[in-house]
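So the structure is just underneath, and the comments pick up after that.
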Amino acid sequence: MRSYFLSVLEKIHAEYAEIRYEEVIFTHLHFVGKELESIETSVEKGGNVRVKGKAGWSFISFNKIDNLSSYLTEAIKKASLPRGDPVKLAPVLPQVKTVAATFKKDPRKITLEEKYYLCSRYNRILLSAPEIQTSDLKYTDSHIMKYFANSEGAYIQQERFHIALGMTSVARRGDNIQSAHEGVGGVGGYELVENQEEKAERAAKRASELLDAEPLTGGKYTVVIDPKLSGVFAHEAFGHLSEADFVYENEKLLEIMRIGRRFGSEILNIIDDPTIPGEGGSYLYDDEGVPSRKTYLIREGKLAGRLHSRETAAKMGENPTGNARAISYEYPPIVRMSNTYIAPGEKSKEEIISEVKDGIYACGFRGGQTNLEMFTFAPEEGYKIKNGKLTTKIRDFNLTGNIFTILSKIDAVGNDLILFTGPGGCGKNGQSPLPVSTGGPHIRIKNLLVGGK
Amino acid sequence: MEKIMEMALREAEGVEIYQEEFENTTVSFESNRLKSVESSFGQGIGLRVIKNGKIGFSSATNNEDLDLLVKSALEAASFGQHAYFKFPGKSHIPEVKCFDPSILSISVEEMVKEGEEAIKLILKEFPDFRCEAELNKTITKTSIINSSGLRFSYNKSLYSFSVYTFLAQEGNFLGVEEEESSCQHQKWSNLLAKRVIDKIKFAQKKADIQTGTYPVIFTPKAMPLLLSSLKMGINGKLVQKKISPLSSKLGQKITSQLISIFDDATFPYASASSPIDGEGIPSRKNPIVEKGILNSFIYDLQTAGLMKTETTANAARDYDTPPSPSTTNLIIKPGDVSLEEMIKDTEEGLIVDQVIGAGQSNMLMGEFSVNLDLGFKIKKGKVVGRVKDIMATGNVYDLLNSTIAVGREAKFVESIYTPPIYFAKINISG
């Protein structure tokens, strides 16, 4: 592949051009209730060329690689259309690297039959608690070969396995329908989805118990959130705003997002780190061939950095961080998070809850969204806290806040960091789902707006 | 395709091959100017087999992998679900308008010009704002053949234009999003710019609202928040799994009698229109809710077979996914009240236009709890300003049951055709 890509790139005249190509073989199993809805092994191959003109980009994706040269010629022509401020790229040493997959058990060596039996065993557990109406279990393993070359001489070949297992139990009593979810997976082998019986049991038990939970009255509460939810909080409440493509050409927003601005107290640190092995958003080189690295977004309460592509880094005069990612060959790389988390603090979960007189303990997550000023994040379930003790179980409420003020309302950070991933992931500019991990310790937020009955 | 059919038929008793080839071009504007031009040339094949009475599926993008495609589909069939259907044979397929050949000849330069026009109009009124815009044209050729003798292919075109206009001010971010899409090429620059400008104007003033219960008007753009739960409720698959709250409500009243809803894949030039569904069943117009009464669920062949009923031609798929029931164009029958009349009628209430947090609540039950990204306060029959930092909470079925009026002017929001709708109450906390 290397000699082919480099020979094609040698013949053209462009300020900057790159070629990406991917070969993906995946196996997917989907159980709903007692039935296996679908089971398939499929193969997808495709690539793209991306060319930078003076003031913008052109991008062409394809399945037939034989036409590579003509796609490049076409892309060079289209790249001259944008006019205006020049687009520059932050310098990066061109890498020539071959990265092999890291795993313990190669999913390709596990038979379809074995995968079927593992999933049906988990599925039976998902259906085993009282009043469970149905389940939803999705298993996917992918073997991914990614090739990258650019006109600066870089050539990076990365092999990886990505595996994900999502398990949901749905309980029903009359019109009351409740669900609970557990997910596992990441960059690695079959070992990541083995021995998950306990998680399946937990999903079933939680869904069943949620039938007895009470809806919550909306209003402002002191809220303690668990590690699952604090991960979504890090991702939605701050991660997206740290993506430099939102600010790099917007002076007004940049004034608001100046480095060093205080957002929270000194106990707060938020980090994005693709170099942690085995997580959903782990990688060594991003889709522009930039080595990945750990980036502090918030350090001791102050804005410390942001996530960059080569273009946003050049424009802002900051260092590239290796956060340009594409969900597949069909899309150009854009600035994305990887594994985003709140760093652990000192307090135990018990301490954090025991100090609350009247509040809410919110756990698990169904999702989150932001418009860069406000954000929402939805827990799966929760409990009322009275005089430091968990009391009534609650359901169907949603948390919301203003990104610029919320971090200053965090008054306790726990010592129990956990990272989570699974099927699904993050969505941005039509690219969804991108595998990421999110996580954090228990944290406590004062005066948080909660939507409820 | 015939070669794959031959290979698969050596071992399978039923075979279906679904192929898509597509070309699309997108021009993207960032920070008020053209930033990138993107194209894609894609193709893929999905193979579904029935072997020993059981279903298998696989997909591939490239011809060199056809052996693997056939082998994988047959292997999957040994674990697959028992088939409760036979592949359909030839039948009369209606002519559905979903291809506009003029889209083929629209140049990148013309698309750029349309984008520039809209941005220019918006910046003339509001020079501080930043505009992003995206125009896309797509041509898809879909072919389906099966072992019962069906051979059909059709072309479809799609043209879409979206604009996002944004201003970041400390404590007061404002973003307005507007879009149009159709199988036909239309010039939307003026229309989109006007909608964005009108909404920014309304949002200039801020208004306060106290925690409480208020009447509410959902604009067409906000209606998908409510309809996504209903779409799940009428989905035959969720009915079959007994987790639809509507599963036992056929023939019963589920909304106000002011509401009538159709699923219609034959609607001329609508974005989800096509002559056949993903299994080659001729498209049709299905009444879903008639004057508040639930008339029908939606099915594909397998789900209908399991439920001992007929498919409603609602198998949705791409080449790389097996068919599953989904709505096509969901059409809400317009009423006879104008938006202005609804506003005039409101003593104190809200207009909901954009939300954050849709799809994260207990959607099966119809619950929603969202932050108002763009919402307006109505006082004494007039729009008095933007409300923000508040949560709107409710239940879709309660809302639809409390309908006061259905609007006259409907529009497509992606594949949902809906007017604004005026409901008696929504919970607001702030």
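Summary of computed values
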item	result
Cα-based Kirkwood hydrodynamic radius, the stretch A:330-423, one decimal, Å	15.5
Sites B:Ser248 and A:Lys54, calculated FRET efficiency, Cβ-Cβ separation with R0 60 Å, nearest 0.05	0.40
Cβ-defined net charge surrounding B:Leu246, 12 Å radius [Lys, Arg +1; Asp, Glu -1]	+3
The stretch B:217-303 - Kirkwood radius from inverse mean 1/r over Cα pairs (Å)	14.0
Largest-first principal axis extents of the Cα set of the stretch A:219-285 (Å)	43, 35, 23
Potential lengthening between B:Gln257 and B:Glu125 on full extension [0.36 nm per residue; Cα-Cα distance subtracted]	43.3 nm
With at most 16 neighbouring Cβ atoms within 10 Å, loop GluC sites (Glu not before Pro) (DSSP) excluded, longest segment of chain B	B:171-309
Whether the stretch A:178-310 is rounded, prolate or oblate, judged on the alpha carbon gyration tensor where a/c under 1.5 counts as rounded	oblate
Accessible-area ranking of A:Arg293, A:Arg258, B:Arg130, B:Arg386, largest first, probe 1.4 Å	A:Arg258, A:Arg293, B:Arg130, B:Arg386
Folded to 0 to 90 degrees: helix A:112-126 orientation relative to chain A principal axis, Cα	30
FRET efficiency, B:Glu310 to A:Lys453 (Cβ-Cβ, R0 35 Å, nearest 0.05)	0.30
Neighbour cut-off at most 14 other Cβ (10 Å), DSSP loop, GluC sites (Glu not before Pro), the stretch A:231-321	A:Glu266, A:Glu300
Cleavage-rule hits (trypsin sites (Lys or Arg not before Pro)) in the stretch B:79-126: DSSP loop, at most 13 neighbouring Cβ within 10 angstrom	B:Lys90
Calculated P(r) tail over 27 Å for the stretch A:229-377, as whole % of Cα pairs	24
Debye log10 I(q)/I(0) at q = 0.05, 0.07, 0.09, 0.11 Å⁻¹ for the protein assembly as shown, Cα point scatterers	-0.26, -0.54, -0.97, -1.65
Probe 1.4 Å - accessible area at B:Phe161, Å² to nearest ten	0
Using distinct alpha-carbon pairs, which all enter the 1/r mean, Kirkwood radius of the stretch A:115-179 in Å	15.0
DSSP beta bridge pairing in the protein assembly as shown, given as percent antiparallel to the nearest 5	90
Cα-based Rg of the stretch B:6-49 normalised by 2.2 N^0.38 Å, two decimals	2.06
Cα-based equivalent ellipsoid, the stretch B:104-150: semi-axes from gyration tensor eigenvalues, Å	41, 12, 6
28 Å Cα-Cα threshold exceeded, pairs from A:Lys302/B:Lys199; B:Lys379/B:Lys411; A:Lys64/B:Lys35; A:Lys294/A:Lys389	A:Lys302/B:Lys199; A:Lys294/A:Lys389
Compactness relative to 2.2 N^0.38 Å, alpha carbon Rg of chain A	1.03
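The values are calculated or read from the model by the stated rules, or taken from the named source; none is laboratory data. Computed from a predicted structure; not experimentally measured. For neighbour counting, all protein chains shown are included, and Cβ atoms are generated from backbone atoms with ideal geometry for every residue, glycine included. We work out accessible area using only protein heavy atoms, side chains counted, and drop any ligands, DNA or RNA first. Shrake-Rupley method; radii C 1.70, N 1.55, O 1.52, S 1.80 Å.
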